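Everything below concerns the one structure shown next.
The values are calculated or read from the model by the stated rules, or taken from the named source; none is laboratory data. What you see is a predicted model, and the numbers here were worked out from it, not measured in a lab. Here the Cβ is made from the backbone with ideal geometry for all residues, glycine too, and neighbour counts use every protein chain on show.
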Amino acid sequence: MNTLSVNLDLVRKYGGQGPRYTSYPTALKFTEEFESDRLIAELKEKAQSPQKLSLYCHLPFCESMCWFCGCTKIVSKDHSKAEPYLDYLQKEIDLYKDFINPKSQAVQLHLGGGTPNYLSPDQIDRLTDILSQNFHFHEKAERSVELDPRRLTQEHIFAFRKMGITRASFGVQDLNPIVQKAINRIQPERTCYEAVKWIRDENFESLNIDLIYGLPFQTVSSFEKTVKKVIKWNPDRFAIFNYAHVPWMMKGQTLIKESDMPTPETKLEMLKMVTELLTSHGYEYIGMDHFAKSDDELAKAQKAKTLQRNFQGYSTWADTDIYAFGLSSISQSDSHYRQNHKALPDYYKALDRNELPIAKALYTTEDDRIRRETIMRLMCDLELNYAKLSNKLGIDFTDYFSSELESFKEAESDGMVSINNDVLTVSDMGRLIIRNLAMKFDAYSKQNLDRFSKTI
Ligand code: SF4
């Protein structure tokens, strides 16, 4: 992809609130009123044959709270709390033994948080033992971790490498000390660079860096300085997030003053700047806030139309079931989603009763599964091939989605998509509003719109 020139008029016209579609239906549809017997029966049925497993462990502890953060986390400087947490995580994995076929292979592992490197290197070794004793990993399994450079040591990196982790991701957000103070995340440049160096020294295959635009005191030129500095570190991927200020949902955000935040117009200018800067430096816009170097696996998989997307982010493994462990984590199978308790005492109590710590679930319908695959292919392939989808979904695609396809007429005349008899293709500009395009296939898209972040 050459430099992507951003037309802000079109961004203004099509932007709005919308889901990120890490699941379809989205997590807002999950309910506490689910039949647990049905869930157990479905899990047992699944265990009859070997599956490809995508594993996730949520490690919720952080030493301090970043005020912008929307993750499920527990802020504490008392690191001894991680020990019982690992005991319970082990217990949860033990309970799943009855629900996972012993010949299943783990093809993906992601450690998220919170801060996975809140664990000491010894505790990481313990987690390695728990995982290796309970799961059989494919030799090409993708293993990744989210890191916090402020709490990172080289020993952490060695311990994650022993676990087989080869992909790392960490948040920089903004290198400007004034912005860092306003979000309560003081993370000097040299701390970030040291983390990059350790990760490179240990030959990680891929490094992703997160940046956020829309934070207090950011200007287009100050944020540009951050982006240019980080480009010099040569990460393989970037995730550039639009800060969603929803203090009524995220308590920590009440500490961020709205009057210090850039205007919506400045935010759009920042989006334009960062998109044009990264694409002119050899990064491809994958869509959904993600950029990757053209020789990175993510960009290659997108071109080969083998890219997948789920709660773990992007992956190259198709048809996996997600088994997620730990607080608030979300698991996915073809027939349902299930989410663990979000409060630590509830999570511990369920496990003390020898019960799976599931708080909410959702059974998907046939229509949900058809729409989920359609939305995923649109976001990953940036096109919908009608014949392929008809074949895969067992429907006449153009007939099933005739009104949805009809609704693309305006986007087509604005150059956001092109349409012929066989395929709908998203243009380079259309990638920027991919969430809004995907919403056309969402049967629930009019519900709870105010609960979603701005798409751009
Ligand atoms: S951004 Fe990361 S380190 Fe900061 S509070 Fe959230 S989970 Fe913790």
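Of all residues in segment 327-361, which are within 17 Å of R38 (Cα to Cα) and hydrophobic (A, V, I, L, M, F, W, C)?
L356, I358, A359, A361 - these are the residues of segment 327-361 that are within 17 Å of R38 (Cα to Cα) and hydrophobic (A, V, I, L, M, F, W, C).
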Next item on the list: State which residue is nearest to the ligand (Cβ to nearest atom) when the search covers only segment 28-73 and only residues that are more than 25 Å from the chain's Cα centre (by Cα) and not in a helix (DSSP H, G or I).
Entry: F34
Next item on the list: Answer yes if at least one residue in segment 282-291 is assigned to a loop (DSSP other than H, G, I, E, B), modelled with pLDDT of 90 or more and in contact with an Asp or Glu (Cβ under 7 Å, 6 or more places away or on another chain), and no otherwise.
Entry: no
Next item on the list: Tell me, yes or no, whether segment 107-116 has at least one residue that is touching a residue at least 12 places away in the same chain (Cβ under 8 Å), within 16 Å of the ligand (Cβ to nearest atom), under 16 Å from G326 (Cα atoms) and in a loop (DSSP other than H, G, I, E, B).
Entry: yes
Margin query: Here is a list: D78, D122. Which entry is farther than 24 Å from H138 by Cβ, within 16 Å of the ligand (Cβ to nearest atom) and charged (D, E, K, R)?
Written below: D78
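For segment 207-236, enumerate the residues that are part of a loop (DSSP other than H, G, I, E, B) and over 22 Å from the mean Cα position of the chain (by Cα).
Correct list: P216, F217, Q218, T219, W233.
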Check: Do we have N242 as among the polar types (S, T, N, Q), in contact (Cβ under 8 Å) with a residue 12 or more places away in the chain and farther than 22 Å from H290 by Cβ here?
Finding: no
Margin query: So E410 ticks every box in (1) within 12 Å of Y14 (Cα to Cα); (2) under 28 Å from the mean Cα position of the chain (by Cα) but one. Which box is left unticked?
Written below: (2)
Next item on the list: Would you check if F160 is in contact with a helix residue (DSSP H, G or I) (Cβ under 8 Å, 6 or more places away or on another chain) and surrounded by 21 or more Cβ atoms within 10 Å (Cβ to Cβ)?
Entry: yes
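Condition check ((1) under 30 Å from D236 (Cβ atoms); (2) surrounded by fewer than 17 Cβ atoms within 10 Å (Cβ to Cβ)) across all residues:
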residue: T320; (1), (2): yes, no
residue: A343; (1), (2): no, yes
residue: Y348; (1), (2): no, no
residue: A361; (1), (2): no, no
residue: E366; (1), (2): no, yes
residue: E373; (1), (2): yes, yes
residue: M376; (1), (2): yes, no
Margin query: Would you confirm, using the coordinates I've provided, whether T22 is more than 15 Å from the ligand (Cβ to nearest atom), within 24 Å of the chain's Cα centre (by Cα), surrounded by fewer than 19 Cβ atoms within 10 Å (Cβ to Cβ) and not in a strand (DSSP E or B)?
Written below: yes
Item checked: Flag for Q48 being exposed (fewer than 14 other Cβ atoms within 10 Å of the Cβ), out of contact with any Ser or Thr (no Cβ under 6 Å at 6 or more places or on another chain) and of a type in the set (S, T, N, Q) -> yes
Margin query: Could you check segment 132-152 and list, in sequence order, the residues that are closer than 26 Å to I209 by Cβ and more than 16 Å from the ligand (Cβ to nearest atom)?
Written below: K140, A141, E142, R143
Check: Among the residues of segment 153-190 satisfying the criterion of being β-branched (V, I, T) and in a helix (DSSP H, G or I), which is nearest to the ligand (Cβ to nearest atom)?
Finding: V179
Next item on the list: Would you be able to say whether some residue in segment 326-334 is under 28 Å from K300 (Cα atoms) and part of a loop (DSSP other than H, G, I, E, B)?
Entry: yes
